[in-house]
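Working notes, structure below.
Quick note: the coordinates plus some simple rules give every number you see, no bench work behind them. Here the structure is a predicted model, which is why all the values come from computation and not from measurement. Here the Cβ is made from the backbone with ideal geometry for all residues, glycine too, and neighbour counts use every protein chain on show.
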């Protein structure tokens, strides 16, 4: 029997995959509808994360840690659709 942590990790991977597919589809649909309202809606994204990235300097070794997420409308729909399909399976 699977542990609860395994299910949570799998759900996170499924949601990440849904966001990735949704982002790619949003960009493709934005290219197919150039210069219009549809392009603005499909390609407008919200970016959040660490800016500038965190840096730890130990004199002999330097670590830089940073991440950012870009979410658009289609990527959100991809997350919801992937989660829905995951819950049904």
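In terms of its alpha-carbon gyration tensor, the chain comes out oblate; a/c meets the 1.5 threshold, while b/c is at least as large as a/b. Computed from label points 7 Å out along Cα-Cβ, the spacing between residue 63 and residue 45 is 2.7 nm.
Over the C-alpha atoms of the range 6-47, the Rg to Rh ratio, Rh being the Kirkwood estimate, stands at 1.18.
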